[in-house]
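J.: Questions regarding the structure given below will be posed in turn.
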Amino acid sequence: YQPLWKNFDILFKRYWNVDTKNIFVGETIEIPYDGYVNILPGLNLPWGTRILQSFEQIDTPYVCFILEDYYFTESITSQFLEEHISILEQMNADKIMFDKIYPPNVYSLRNIANDLYQFNNHSMYLNSIQPAIWKTEYLKTVLQPSYSPWQFELDGNAYTQTLNPTILLKAREKSVYFNYARVGGRVSDGWQDIFTKEGLTL
């Protein structure tokens, strides 16, 4: 995913309008842009192990967890984050996603207030790694050291169901990000439009 870092950085800095500690977890190569704390545990360690090591740098009750193939396309402000954290605190929830609603065969949801939904605990993708705000201790509990990202989402779902978590989705008409790459490095449909709109190059 290293070839994606340039455009991730461009759009992160364009749209992430919040003063935060930004931790970039890799293997041995630093992201070559300013504004990140690099965590580089070394080669041949599982993704889960590397992510868990980054928690040594985190002292906040919540963490916004983002993969480098998610490109922000709308402004993220302090007000945006505070609104979502407020919902987490009011609901004593473990995670809140900010995304559009997909067909019902993707998530199993119930509407609890206006544009706010809660995942049913039998739903798939309780561990969805689309950008979201997580309770830090909860994320540490469900993320096993041996997981790849896809194992976390799929194999880890059964374990997460047993914890009876409160997972929320604040639904939007459109996403605030574009998922550029899929499993196996397949590029998502519509990437050319995003590149044209944002002035990106390969």
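J.: Taking residue 28 as the residue in question, decide whether it is open to solvent by 70 Å² or more (accessible area, probe 1.4 Å), hydroxyl-bearing (Ser, Thr, Tyr) and at pLDDT 95 or above.
T.: yes
J.: Then there is this: In the stretch 70-106, how many residues are surrounded by 15 or more Cβ atoms within 10 Å (Cβ to Cβ) and closer than 16 Å to residue 120 by Cα?
T.: 7
J.: Quickly run through the stretch 84-114 and pick out the residues that are modelled with pLDDT of 95 or more, touching a strand residue (DSSP E or B) at 6+ places or on another chain (Cβ under 8 Å) and not in a strand (DSSP E or B).
T.: 84, 85, 87, 88, 91, 93, 94
J.: In the stretch 167-182, is there at least one residue being free of Cβ contacts under 8 Å to residues at least 60 places away in the same chain and either open to solvent by less than 70 Å² (accessible area, probe 1.4 Å) or over 25 Å from residue 77 (Cβ atoms) (or both)?
T.: First pass over the stretch 167-182, keeping only residues free of Cβ contacts under 8 Å to residues at least 60 places away in the same chain: 182.
Add one more test, that the residue is either open to solvent by less than 70 Å² (accessible area, probe 1.4 Å) or over 25 Å from residue 77 (Cβ atoms) (or both), and what stays is 182.
Yes, because at least one residue in the stretch 167-182 is free of Cβ contacts under 8 Å to residues at least 60 places away in the same chain and either open to solvent by less than 70 Å² (accessible area, probe 1.4 Å) or over 25 Å from residue 77 (Cβ atoms) (or both).
J.: I would also like to ask the following. Filter the stretch 107-131 down to the residues that are open to solvent by less than 30 Å² (accessible area, probe 1.4 Å), farther than 16 Å from residue 173 by Cα and in contact with a helix residue (DSSP H, G or I) (Cβ under 9 Å, 6 or more places away or on another chain) and list them by number.
T.: 118, 123, 126, 127, 128, 129, listed by residue number.
J.: When you look at residue 100, is it basic (Lys, Arg), closer than 20 Å to residue 79 by Cα and in contact with an Asp or Glu (Cβ under 8 Å, 6 or more places away or on another chain), yes or no?
T.: Judged against the criteria, residue 100 is a match.
J.: For residue 59, indicate whether it is open to solvent by less than 40 Å² (accessible area, probe 1.4 Å) and within 24 Å of residue 168 (Cα to Cα). Explain how you work it out, then say what you get.
T.: Details: open to solvent by less than 40 Å² (accessible area, probe 1.4 Å): no; within 24 Å of residue 168 (Cα to Cα): yes.
The answer is no for residue 59.
J.: So how many residues does the stretch 34-47 have that are on the phi < 0 side of the Ramachandran plot and touching a Lys or Arg at 6+ places or on another chain (Cβ under 8 Å)?
T.: Summing the residues that are on the phi < 0 side of the Ramachandran plot and touching a Lys or Arg at 6+ places or on another chain (Cβ under 8 Å) in the stretch 34-47 gives 3.
J.: Just one of the numbered conditions (1) part of a helix (DSSP H, G or I); (2) surrounded by fewer than 15 Cβ atoms within 10 Å (Cβ to Cβ); (3) not charged (D, E, K, R) is not true of residue 45; which one?
T.: Going through (1) part of a helix (DSSP H, G or I); (2) surrounded by fewer than 15 Cβ atoms within 10 Å (Cβ to Cβ); (3) not charged (D, E, K, R) one by one, residue 45 breaks only (1).
The values are calculated or read from the model by the stated rules, or taken from the named source; none is laboratory data. Keep in mind that what you see is a predicted model, and the values were worked out from it rather than measured. Cβ atoms come from the backbone with ideal geometry, glycine included; neighbour counts cover every protein chain shown. Ligands, DNA and RNA are excluded from the accessible area calculation, which covers all protein heavy atoms including side chains. Shrake-Rupley method; radii C 1.70, N 1.55, O 1.52, S 1.80 Å.
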